[in-house]
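Peer 1: First the structure, then my questions, so here it is.
The values are calculated or read from the model by the stated rules, or taken from the named source; none is laboratory data. What you see is a predicted model; the values in this text were computed from it and never measured. Positions of Cβ are generated from backbone atoms using ideal geometry, with glycine treated the same way; all protein chains shown enter the neighbour counts. For the accessible areas, the whole protein counts, side chains as well, though only heavy atoms, and no ligand, DNA or RNA atoms are used. Shrake-Rupley method; radii C 1.70, N 1.55, O 1.52, S 1.80 Å.
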Amino acid sequence: MADGTAQARVHGTGGLLYDTKRRAWPNEANVLIALILIVAVFEGLGALLMDQSFLFDSRDRFDSVFNEARLRIIILQVAIIGIIALGATQVIITGGIDLSAGSVVGFAAMVAMSFAQTGVVNGNPNPGAVFGPAWLDLPVIVPVLAGLGVGTLAGVINGALIAYTRIPPFIATLGMMVAARGAAQWWTRGQPVSFPTDGYAALGQGMMPVIWFVGLAILFHLILRHTVYGKHTYAIGSNEDAARMSGIKVARHKLLVYAIAGGLAGVSAIVLSAKNLTAQTGMGLMYELDAIAMAVIGGVSLAGGRGSIVGTVIGALIFGVIISGFTFLRLDAYYQEMVKGVIIVAAVVLDQWRQSRTGAK
Amino acid sequence: MAAEPDGGEVMGDAMDDVILETRGLTKHYGGVHALTDADFTLRAGEHVAIMGDNGAGKSTFVRQITGVEVPTRGTIVFDGRERHFENPMDARDAGIETVFQTLALADDLDVPDNLFLGREIVKFNLGPFSILDYKAMQEATIAGLEKTGVKIPNIRGTIRNMSGGQRQCVAIARTATFHSKLTIMDEPTAALGVQETAQVEAIVRTLKEAGEPLILISHNMRQVMDLCDRIVVFRRGRICAKLRKADTDHQDVVAYITGAKTQAEYEVADAV
Ligand SMILES: Nc1ncnc2c1ncn2[C@@H]1O[C@H](COP(=O)(O)OP(=O)(O)O)[C@@H](O)[C@H]1O
Ligand SMILES: [Mg+2]
C-alpha cells in the first residue's frame, strides 16, 4: 500500500467511479451501540435504584476504574455458551439451525470426563471410576480427543441427515437433541462423573474459558472472512441454488459446517466439565437456545447469508450484560429465566424486522 | 470487418467446426415433457438465438447442456467430445459459461465474490480452508468489468440493493471474466431498461468480434435480428423451426412461435 491515494477509476459511458475502498456501515457497529446503550440503561437504573455503578468502580474496591469482579463474571458467564454460539453462527449463516448443541455438550462432557478421571482422591482410590484402573490418570489429550470426537460425530450425523436427506435442520437436530441427552444418561446409567486429573481440570480453571472463547472466536473470524469455507458458507445461506449452479458442493459443505458446530459443542463440554470438576447428564441444558440468541442479537440472520463472528461476540456480551444486570438490580433468579425467554423472542423479532427492512429496499 | 455472409457452403463444411451438437435431447419432469428430441447444432463463431413462448422449454434446454440437470435421454457433443456433465462445474470446466435466467447470484456477497463464486483465487491451498486472494480477485473483477464496459458504482457493496440492470451486468461480467468456448445467455435483457439493454447488446457484439460463439435466448425480435446469425424456434418442448436471419423476417418468426407455421421436417402428430 505504497500509494495511499484512493483507488478509484473512471469508467464506462456514464463515467461512474469504482470505489474499491468504500465499505458500508457495518452492522456490527449497530450491535456495539446497542451494547453501550444497554450498559447505560443499567448504569442509570443503578444510580437511581441501587445508588451504585453497574460496571464502574464506584466504591473504589479495585485498582482500575471498572468493577473488575462484575466484568469478570459477565465474560466468564458467556464464554462457555459463547463457544457454542460460534458454531451456531456458522450454521445459521448457511440458513440452518442446530438445536442439539446443549445435549451434545451433556453427552460429550460425560464421555470426556470419564477418560479424565484421576486414580487417587484424598489418598483413597477414586470412588466413582467409570472404567477399570487402566483407564485412570490418562494424559489430558485422551479426554480432549474423546470430547471433541463425540461432539464432531454428533455434528457429522446432523450434517449428513440435513445434507443428504430432505429432513429440515430443525427436525434433524431436534432428534439429535433428544438422542444425545439420552446417550448422556445411558453412558453411566445417570451417575455423575467426577474427580478429573489436575491436567484436565486446568483446562477450565480461572479465566481459561474466556481464553478458549476468545481464541476460537479469532480463529473462526479469520476462517469466515478469509477462506473459501467462509465464502461458501455465506453463499449457501444467501442463495443455495446460486451456490449449487456456481459449482459449490453444497451437501459436502453443510456436512462440514455441522461437524464444526458439533466439534465446538465438544470443546464447550470439555471446558465446562473441567471448570465444574464434574460432568452430569443434565449439563448444557438449553444452551443451544442461549447460543442462538447470542448469534441473532449479534446480527446473524435466521434467513441465512448474514452475520459475523464479531457480531456474535458482541451479542454474547449483550446477553451477559442483561443477565448480570438483572442480578445487579437484585431481581430473583426466576425473573432471570423469564427475561432470558424474552431476550430470545426479542432477538428473533429484531431479526424479522431487519429482514423486512432490507427486503423493502 | 463485415460479418461473413450466411453462405450455403457453411452447411457443407467439415464437421470439425461444430462446437456444440445435441441429438435427441429430452427432459421429462415426471409427467411434464419439458423438452423432447432437441437436435441442435452450433458452429464456431456463430451467434444463435433461441426463441419461443414462455414454457416452450428454452431454459430447460439450457439446463441440460450446462450440467444443472441431467437429461432424461439424448447426447451432447461439445468441443469434439461427447459429454455427460454431472454438475455445473463440469460444464464450466469444459468451457461453457452461462448467464442463467435466475442469474444465480448470492445477494449477500459483493461483486468480486459473486464473479469468483465456486472458483475463488486462493493464496494458499489448504483444501476447504484455502486462503482467499481478495486483491487478485478484485483486480480481475475490474478488468472483467472494463472488458464488458459494465459500470457499477461500488464493487465492494453487496449486490442486494443493486438495480436489475446492474445485477444482470454482474452476471454477464462473470461469464466474460473467464475465457470460454461457448457463452449462453438466458433472457439477459428481459428485465432491463433501454440503456441497460443497449449495454448488454454491446457486450454481445464484443463477443461476436472476438469470434466467440453464443446462444442467446430472447423474446426481443429486434435484438435477435440485430445480433444473431440464426434463429431456432422452440414450441411446447420441441424445436419447430431453424431459420437463417437472411431467409426470414419478423412475421415469419412470429408465425413459428405461435404455431401458425411449422417447418415440414419438424411436423409431429400434435395431440394438443
Ligand atoms: N423443475 C421442473 N419441474 C417440473 N416442471 C418444470 C420444471 N422446470 C420447468 N418445468 C416445466 O417445463 C416447461 C418448460 O419450462 P422452461 O424451460 O422454463 O420454459 P421457457 O424457458 O421456454 O420459458 C414448463 O411447462 C415448465 O413449467
Ligand atoms: Mg426461461
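Peer 1: From the residues A:LEU329, A:GLY237, A:ILE270, which one has its Cα farthest along the dipole of the range A:231-336 in the positive direction, the dipole being from +1 and -1 charges on Cβ of Lys/Arg and Asp/Glu about the Cα centre?
Peer 2: Ranked along the dipole, the leading option is A:GLY237.
Peer 1: At a 1.4 Å probe radius, which order do B:ASP110, B:ASP226 fall into by accessible area, largest first?
Peer 2: From most exposed to least exposed: B:ASP226, B:ASP110.
Peer 1: If you put +1 on each Lys and Arg Cβ and -1 on each Asp and Glu Cβ, how big is the dipole of chain A around its Cα centre, in Debye rounded to 20?
Peer 2: With only Lys, Arg, Asp and Glu charged at Cβ, the dipole is about 1060 debye.
Peer 1: Could you work out how far apart the two model spin labels at A:ASP51 and A:ASP241 are, taking each label as a point 7 Å from the Cα in the direction of the beta carbon, and quote it in nm?
Peer 2: According to this spin-label approximation, the distance is 6.6 nm.
Peer 1: Each residue of the range A:194-203 in order: what ³J(HN,Hα) in whole Hz does its phi give by Karplus 6.51 cos²θ - 1.76 cosθ + 1.60, θ = phi - 60°, with x for Gly and Pro?
Peer 2: 10, 6, x, 5, 4, x, 5, 4, 4, 5
Peer 1: What residue among B:MET89, B:LEU182, B:MET162 has its Cα farthest toward the positive end of the dipole of the range B:78-228, where the charges are +1 on Lys, Arg and -1 on Asp, Glu, each on the Cβ?
Peer 2: B:MET162
Peer 1: At a 1.4 Å probe radius, carbon and sulfur cover how many percent of the accessible area of chain A?
Peer 2: Carbon and sulfur atoms account for 66 percent of the accessible area of chain A.
Peer 1: Using Cα pairs under 8 angstrom and six or more residues apart, how large is the relative contact order of chain B, in percent?
Peer 2: Normalised by residue count, the contact order of chain B is 24 percent.
Peer 1: I've got another one for you. PRE reach from B:LYS261 (point 7 Å along Cα→Cβ): which of the range B:47-73 fall under 19 Å by backbone N?
Peer 2: It comes to B:49-53, nothing else.
Peer 1: Suppose only helical runs count, i.e. DSSP H with n ≥ 4. What mean residue ellipticity at 222 nm does that imply for chain A under -39500 (n - 2.57) per run, divided by all residues and rounded to the nearest 500 deg cm²/dmol?
Peer 2: -21500 deg cm²/dmol
Peer 1: Would you work out if the range B:218-267 is rounded, prolate or oblate? Take a ≥ b ≥ c from the square roots of the eigenvalues of the alpha-carbon gyration tensor; rounded if a/c is under 1.5, else prolate when a/b is larger than b/c, oblate otherwise.
Peer 2: Because a/c hits 1.5 or more and a/b exceeds b/c, the range B:218-267 counts as prolate.
Peer 1: For a quick check, take a GNM of chain A with Cα springs below 10 Å and name the residue from A:ASP241, A:ASP63, A:ASP198 with the largest mean-square fluctuation.
Peer 2: A:ASP63
Peer 1: Which whole-number percent gives the relative contact order of the range A:249-314, counting Cα pairs below 8 Å spaced six or more residues apart?
Peer 2: Averaging sequence separation for qualifying contacts and normalising by length gives 18 percent for the range A:249-314.
Peer 1: If I take every Cα pair under 8 Å that is 6 or more residues apart in chain A, average their sequence separation and divide by the length, what percent do I get for the relative contact order?
Peer 2: Relative CO of chain A lands at 28 percent.
Peer 1: Next up: What residues have an amide H closer than 5 Å to that of B:PHE234, excluding those fewer than 5 places away on the same chain, when H is modeled at 1.01 Å from N in the peptide plane?
Peer 2: Here B:MET51, B:GLY52, B:CYS240 satisfy the definition.
Peer 1: Just tell me how shielded B:137-147 is by partners: mean number of partner chain Cβ atoms within 10 Å of each residue's Cβ, no decimals.
Peer 2: Taking the mean over all residues of the peptide, I get 2.
Peer 1: For a test of the definition: using alpha carbon positions, the gyration tensor, and the 1.5 limit on a/c, classify the range A:36-190 as rounded, prolate or oblate.
Peer 2: Taking the square roots of the gyration eigenvalues as a ≥ b ≥ c, the range A:36-190 is oblate.
Peer 1: Picking from B:LYS242, B:LYS27, B:LYS261, which is most flexible by a Gaussian network model of chain B using Cα springs under 10 Å?
Peer 2: B:LYS261
Peer 1: Then there is this: Could you tell me the center-to-center distance, by alpha carbons, between the range A:235-305 and the range A:55-73 in angstrom?
Peer 2: The range A:235-305 and the range A:55-73 have Cα centres separated by 34 Å.
Peer 1: What figure in square angstrom, to the nearest 10, would you give for the accessible area of B:ARG63 with a 1.4 Å probe?
Peer 2: Taking all protein chains as shown, B:ARG63 has close to 60 Å².
Peer 1: How many Cβ atoms of partner chains, on average, are near each residue of B:114-122 if near means within 10 Å of its Cβ?
Peer 2: Average per residue, whole number: 5.
Peer 1: Let me ask something else about it. On a 1.4 Å probe surface of the protein chains, which of B:HIS84, A:HIS226 comes out largest in accessible area, and what is the full order?
Peer 2: B:HIS84, A:HIS226
Peer 1: Tell me the mean residue ellipticity at 222 nm calculated for chain B from its helices only (DSSP H runs of n ≥ 4, each -39500 (n - 2.57), averaged over every residue, nearest 500).
Peer 2: -9000 deg cm²/dmol
Peer 1: With every protein chain present, what is the per residue accessible area of the range A:226-334 (1.4 Å probe, Å²)?
Peer 2: 30 Å²
Peer 1: Okay, moving on. With all protein chains present, how much of the accessible area of chain B (probe radius 1.4 Å) comes from carbon and sulfur, to the nearest whole percent?
Peer 2: Percent of accessible area from carbon and sulfur atoms in chain B: 52.
Peer 1: Excluding ligands, DNA and RNA, what is the accessible area buried between chains A and B, summed over both sides, using a 1.4 Å probe, to the nearest 100 Å²?
Peer 2: Roughly 3400 Å².
Peer 1: For the pair B:ASP17 and B:PHE124, how long in nm is the line joining their label points, each one 7 Å along Cα→Cβ?
Peer 2: Calculated label separation equals 5.1 nm.
Peer 1: Could you pull out every residue, at least 5 positions away or on a different chain, whose amide H is within less than 5 Å of the one on A:VAL121? Hs are placed 1.01 Å off N in the peptide plane, and Pro or chain starts have none.
Peer 2: The answer is A:ASN126.
Peer 1: To the nearest 20 debye, what charge dipole does the protein assembly as shown have about its Cα centre, counting +1 at the Cβ of each Lys and Arg and -1 at the Cβ of each Asp and Glu?
Peer 2: 1200 debye
Peer 1: Let me ask something additional. Sort A:105-118, B:146-159 by packing, meaning the average of other beta carbons within 10 Å per residue, with the highest value first.
Peer 2: A:105-118, B:146-159
Peer 1: Accessible area, 1.4 Å probe, largest first: how do B:GLU120, B:GLU209, B:GLU267 sort?
Peer 2: B:GLU209, B:GLU267, B:GLU120
Peer 1: Something else now. Please work out whether the protein assembly as shown counts as rounded, prolate or oblate from its C-alpha gyration tensor, where a ≥ b ≥ c are the square roots of the eigenvalues and a/c under 1.5 means rounded, while otherwise a/b larger than b/c means prolate and anything else oblate?
Peer 2: Taking the square roots of the gyration eigenvalues as a ≥ b ≥ c, the protein assembly as shown is prolate.
Peer 1: Let me ask something additional. Across the range A:341-353, in residue order, what do the Karplus-derived ³J(HN,Hα) couplings come to in whole Hz, using 6.51 cos²θ - 1.76 cosθ + 1.60 with θ = phi - 60° and x for Gly and Pro?
Peer 2: Karplus values, whole Hz, x for Gly and Pro: x, 5, 4, 4, 5, 4, 4, 5, 4, 4, 5, 4, 5.
Peer 1: From the phi of every residue in the range B:75-87, what ³J(HN,Hα) in whole Hz does the Karplus formula 6.51 cos²θ - 1.76 cosθ + 1.60 yield, where θ is phi - 60° and glycine or proline is x?
Peer 2: Computed from phi, the couplings for the range B:75-87 are 10, 10, 10, 10, 6, x, 9, 6, 10, 10, 5, 8, 7 Hz.
Peer 1: At a probe radius of 1.4 Å, what is the per-residue accessible area of B:LEU25, in Å² to the nearest 10?
Peer 2: Surface open to solvent at B:LEU25 totals about 0 Å².
Peer 1: Calculate the spin-label point distance for A:THR327 paired with A:VAL345, positioning each point 7 Å from the Cα along the beta-carbon direction, and give it in nanometres.
Peer 2: Modelled inter-label distance: 2.5 nm.
Peer 1: Tell me, in nm to one decimal, what length is gained between A:TRP186 and A:GLN336 on full extension, where the rule is 0.36 nm per residue of separation less the Cα-Cα distance?
Peer 2: Once the chain is fully extended between A:TRP186 and A:GLN336, it gains 50.9 nm.
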